[in-house]
Amino acid sequence: MITTASQSDTAPPTVPHSGFATRITRLFGIEHPILCGGLMWLADARYVAATVNAGAMGFITARTFPDPGAFRAELQACAALTGGRPFGVNLYMTPRAEENVMLAGHVDILLDEGVRHIETAGLPPKDLLPRLKEAGAIVMHKTATVRHAESAARLDVDAIALVGAECGGHPGLALVGSLVQAPLAATRITKPLVIGGGIGHGSQIAAALAMGADAVLIGSRMLVADEIPAHDAYKDRMLAADETASRLIMASFRNTYRVLDNEDARAVAELEAAGERDFARYRPHVAGTRQKEAYTTGDTERGVLSMGQSIAFATMRQPAAAIIAQLMTEARAAHARLASLGDR
């Protein structure tokens, strides 16, 4: 069940620096080159504060809290839990313009509450950027192709995130993997670069940095974190999943979606295979409220539930801090292994 964090939780610990200092760690003022991307219905104050207190950066999803008062309260709760550490907000721009109207008000609220770290996704945030940059916000825009990343880099954004075909949620239409996109983007984009999609092991962090990225963006690997506000049955389903447990849907609407392979996802796939073009036939399966119900009740056959291939690395429930610590231990081991190869 989704709940607002209490201010009585323990104070944030002091986190040692990972040893990987990059343009992103400096830009966001974090110890580790890890950004925990926004998770719709799940990235609340308690979860985001846990990632921030562990030395990474997290983003509360604005659309999870459409009510302005609830959104402000969530920001205030997160600020209390981080004890002054900066945290971020995710602003997703949908192609349906009427659904973006609320974001202008939410931008005013987050700036009023002192939030200055923003992850934008979906459509380019051209309408939001002037207000954000005027207030001194750091803005990272997320894309799914190198071409779109190059285009976004021409905007007044501070960093670019690029996700590959392996990612949960929206991997775009091209479906090029992260291993190919990372070095291509690093040669074409001069702004700080973050690579996501399929990343759930520390060796991949070391690899992304070696390919020219400044940090990684992770999502699915965190779905079993203790602080994720979802039913135990949902987390058990995530632990049982492997790298083959997702499926791609909605490509026929030019809105490809990588999700858990469940009953609703298969129903959508059947409609697409039959050539159905009436979106009303899909709505009972893809409505966002249905996703929220799945997280709350633990009925993982309902809703299209974002999940990437990196879920294969989730093998036990852990606090977010333990997951991030494990990732950095693995990253340092991979870095040391690579360094040792030069001595042979």
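Only the coordinates and a few stated rules stand behind these numbers; no lab work does. The shown structure was predicted, so the numbers you read here are calculated from the model rather than taken from an experiment. Ideal geometry is used to build each Cβ from the backbone, glycine not excepted, and the neighbour counts take in all protein chains shown.
A few notes on this one:
- Taken over region 23-226, the alpha-carbon convex hull comes to 106 cubic angstrom per residue.
- Build a GNM of the chain with springs between Cα atoms under 10 Å apart, and of Thr256, Thr244, Thr22 the one that fluctuates most is Thr244.
- Estimated D of the chain in µm² per second, where Rh is the Kirkwood radius over Cα pairs and Stokes-Einstein applies at 20 °C, 1.002 mPa s: 107
- Cα pair distances in region 196-245, grouped into 5 Å bins until the bin that holds the longest one, percent each: 4, 18, 25, 19, 15, 11, 6, 1
- Prolate/oblate/rounded call for region 178-272, Cα gyration tensor, a/c under 1.5 rounded: oblate
- Square roots of five times the Cα gyration tensor eigenvalues for region 106-169, Å: 23, 13, 9
- Rounded, prolate or oblate (a/c below 1.5 giving rounded, otherwise prolate when a/b exceeds b/c) for region 241-324 by Cα gyration tensor: prolate
- Rounded FRET efficiency, nearest 0.05, which uses the C-beta distance separating Ser340 from Leu175 and R0 of 45 Å: 0.80
- Each residue in Val15, Val268 was given a count of other beta-carbon atoms within 10 angstrom of its own, and listing them fewest first yields Val15, Val268.
- Residues Met140, Met222 arranged by fewest to most Cβ contacts within 10 Å: Met222, Met140
- Three-way shape label, region 27-117, alpha-carbon gyration tensor, a/c 1.5: prolate
- Peptide ranges 111-118, 43-50, 95-102 listed from the most packed, as the mean C-beta count within 10 angstrom indicates: 43-50, 111-118, 95-102
- Of Leu103, Leu175, the sequence from fewest to most neighbouring Cβ atoms within 10 angstrom is Leu175, Leu103.
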